[in-house]
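Structure record follows, encoded as structure tokens.
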């Protein structure tokens, strides 16, 4: 049986198309009892509105401009404890989402919400008033909670590891596989005592992906001397130096490039005696070898996934969630010894 359109629904219910449309949009132009009767009859007939078409027609009515581009929203939670170094990461992510959205005929509007200035309930009202149904949710430093939004209205993708409140599709780096690739390349260059340091919070929010990859590599790689990971609530010069002196890793992997100075203070010469590899170059400004987590590609993928949901008229909390993983890129720099065959090409670690 063919799906009902506004035209067929109007013919079936003996009302004009404008009356049917206004009733389904909860417009005050239609008597409340009539509108409710129409909505019930439309539901019984199996009619489903297309949110993109509704948004387009709404914008055309407002602007009298047929060259309408649909709108998406990026939503960043307001968090006081989020490190400011992530600003560059967010800028790249939004740039990727904005560029891809534009290619597909959509604009992107940025919002920061979740605090006193913009509670999520207020944001919900603004998004509905502007006809925005597609959301790109930015990574949260803490445990994100977006349940205050009316999820019957939105299609969304979360840009980080799995979100549970509510459970949604997500896009993130393939952290485990990427670190495995890094360790394999470092091993090929002769490093045999790799060491890794992580803050407990970063380790937990990535579901221990980096730590698990590191321990798995130690278990199975040939000729490796095992160095215990340094995982503590806060990395301090004293803690790091004590760990470095005791275990003497020949290459150190971590997020904080301050460790380069701490290593030198312990007598290391970079890269002659010890190497250093940064696990997220977008949170640091020091030039060193490391991982580019490709946040711009996160944004590109997120925009494509959200727009695909909108085209399929899918909104709400998905019955089952998917995770799209992006390979990180190896970036060469003189904080590690070069390959015996010359520098390896920079590129994805797949």
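Set the Förster distance to 56 Å, then compute FRET efficiency between residue 193 and residue 95 from the Cβ-Cβ distance, nearest 0.05. It comes out at approximately 0.90. Normalising by residue count, the stretch 232-312 has a Cα convex hull of 119 Å³ per residue.
Fully extended, how many nm does the chain gain between residue 88 and residue 18 (0.36 nm per residue separation, minus their Cα-Cα distance)?
Working it through step by step, the gained length comes to 20.5 nm.
Hydrodynamic radius of the chain by the Kirkwood approach over all distinct alpha-carbon pairs: 23.0 Å.
Inverting the pair-averaged 1/r between distinct Cα atoms of the stretch 202-245 gives 11.9 Å as its Kirkwood hydrodynamic radius.
What does the C-alpha gyration tensor say about the overall shape of the stretch 67-130? Classify as rounded when a/c is under 1.5, otherwise prolate if a/b is larger than b/c, or oblate.
oblate
Just checking the listed ones, 72, 297, 12: in the Gaussian network model of the chain with Cα springs under 10 Å, the one fluctuating most is 12.
Mind jotting down a quarter of the surface of the convex hull over the alpha carbons of the stretch 174-247, in square nanometres, one decimal?
4.9
Taking 280, 29, 313 as the candidate residues, the one with maximal mean-square fluctuation in a Gaussian network model of the chain, Cα springs under 10 Å, is 29. The per residue volume of the convex hull around the alpha-carbon atoms of the stretch 1-49 is 62 Å³.
Annotation for the stretch 284-322 versus the stretch 148-169: alpha-carbon center distance of 12 Å.
Multiply the residue separation of residue 143 and residue 264 by 0.36 nm, subtract the distance between their alpha-carbon atoms, and state the gained length in nm to one decimal.
40.0 nm
Normalised by the number of residues in the stretch 1-49, the mean separation of alpha-carbon contacts (under 8 Å, six or more apart) gives a relative contact order of 40 percent.
Would you kindly state how much longer the chain becomes between residue 39 and residue 314 on full extension, computed as 0.36 nm times their sequence separation minus their alpha carbon distance, in nm to one decimal? Extra length available between residue 39 and residue 314 comes to 97.1 nm. Given springs between every Cα pair under 10 Å in a Gaussian network model of the chain, which of 311, 220, 201 has the largest fluctuation? The residue that fluctuates most here is 220. Return the calculated 222 nm mean residue ellipticity for the chain, to the nearest 500 deg cm²/dmol, obtained by summing -39500 (n - 2.57) across DSSP H runs with n ≥ 4 and dividing by the residue count. Dividing the helical sum by the residues of the chain leaves -12000 deg cm²/dmol.
At an R0 of 41 angstrom, the distance between the Cβ atoms of residue 31 and residue 118 translates into a FRET efficiency of 0.70. Cβ-Cβ distance of residue 273 and residue 215, R₀ of 30 Å, FRET efficiency by 1/(1 + (r/R0)^6): the value works out to about 0.75.
Spin-label model, residue 162 to residue 234: label points 7 Å out along the Cα-to-beta-carbon direction sit 3.2 nm apart.
Here the stretch 208-249 and the stretch 100-117 have alpha carbon centers that stand 39 Å from each other.
Computed from the coordinates by the stated procedures, all read-outs in this text should not be read as laboratory data. Source: prediction; values computed, not measured. Glycine gets a Cβ as well: all are built from the backbone with ideal geometry, and neighbour counts include every protein chain shown.
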